[in-house]
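This report refers to the structure that appears directly beneath it.
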Amino acid sequence: MPDEFKLPPPGLDISRVVHLDPFIDPRFVDAEDWGRYLTITETIPVDFEYLEPTITDQDVHEARELALASDNVRTALEGQRYEVLAVGSRTVDRETELPLVIVYNYTDDTVIEATVDLRAPEVREVSMKRYQPALSSAEQSRALDITRDDGRLSRSGIDIDTGLGLVVEDVNFRSPQYGHRLVDLRFTLTNRRCPSAFAIVDLSAQCIVGIGLLPQEELS
């Protein structure tokens, strides 16, 4: 059975993806310009305002420290390799949102969620789950470092710094990577629509499980 990968369910954090503006500059060299097919429409400016985040940077720092100091969290993470991936929020009622600290345990591929009350201050709830949260910037940097140290793409002329990652899952339960924290990295130049290389990095085992160049086609 060939290896298969699927996207994880949505996490609390927004995955970092490339934002494509209405005008792409420089133009893609491997994709047709579809601008001539678009109908010109009148746009109307709208007023908007920025809302202050309900959880400040200071709240994030305090929630992280409080969660890691919790007896339940410390016991669950003792002797494990882990990382705090994100601090989001959990709605308790119509008027209350509490920080939610998400910790990934790479040793046994579990997620620890700690709901923190900063006013008390206390950790209200700790739960252990199995799912794949959105990729953090620190994880992407680590995956790029592993790919850079491997050397194969660098020797093929690929700029490792152009890599962007997305979390995937190996659905083959017989695979050694089943349940692991896998990052699918794609490498491309700014003037290309399609990536030129890929690397699938296993952050649980800290190794590369798939790597190679992708075929390129120039627009005729």
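The values are calculated or read from the model by the stated rules, or taken from the named source; none is laboratory data. Here the structure is a predicted model, which is why all the values come from computation and not from measurement. Positions of Cβ are generated from backbone atoms using ideal geometry, with glycine treated the same way; all protein chains shown enter the neighbour counts.
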Checking the structure you have, find out if any residue of the stretch 145-152 is outside the structural domain of GLU113 (by TED's automatic domain parsing), among the small types (Gly, Ala, Ser), surrounded by fewer than 20 Cβ atoms within 10 Å (Cβ to Cβ) and without any contact (Cβ under 8 Å) to a residue 40 or more places away in the chain. yes
Taking the stretch 193-220 and keeping only residues that are surrounded by fewer than 17 Cβ atoms within 10 Å (Cβ to Cβ), part of a loop (DSSP other than H, G, I, E, B) and not small (Gly, Ala, Ser), one is left with ARG193, CYS194, GLN206, LEU214, PRO215, GLN216, GLU217, GLU218, LEU219
Is it the case, given these coordinates, that THR107 is among the polar types (S, T, N, Q), assigned to a loop (DSSP other than H, G, I, E, B) and farther than 28 Å from LEU182 by Cβ? no
Filtering the stretch 66-90 for residues that are exposed (fewer than 13 other Cβ atoms within 10 Å of the Cβ), farther than 25 Å from LEU203 by Cα and in contact with a Leu (Cβ under 8 Å, 6 or more places away or on another chain) leaves a count of 0
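Within the stretch 179-203, restricting attention to residues that are of a type in the set (Gly, Ala, Ser) and touching a Gly at 6+ places or on another chain (Cβ under 8 Å), which residue is farthest from PRO133 (Cα to Cα)?
First, the residues of the stretch 179-203 that are of a type in the set (Gly, Ala, Ser): 179, 196-197, 199.
Those left that are additionally touching a Gly at 6+ places or on another chain (Cβ under 8 Å): 197, 199.
On the way: ALA197: 24, ALA199: 19 Å.
Taking the candidates together, the pick is ALA197.
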Can you find, within the stretch 72-95, the residue that is farthest from ARG119 (Cα to Cα) among those that are free of Cβ contacts under 8 Å to residues at least 24 places away in the same chain and in contact with a strand residue (DSSP E or B) (Cβ under 9 Å, 6 or more places away or on another chain)? VAL84
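Going through the stretch 48-104 one residue at a time, which ones are part of a strand (DSSP E or B) and among the hydroxyl-bearing types (Ser, Thr, Tyr)?
Going residue by residue through the stretch 48-104, those that are part of a strand (DSSP E or B) are 82-93, 96-104.
Residues satisfying the conditions are TYR82, SER89, THR91, THR96, TYR104.
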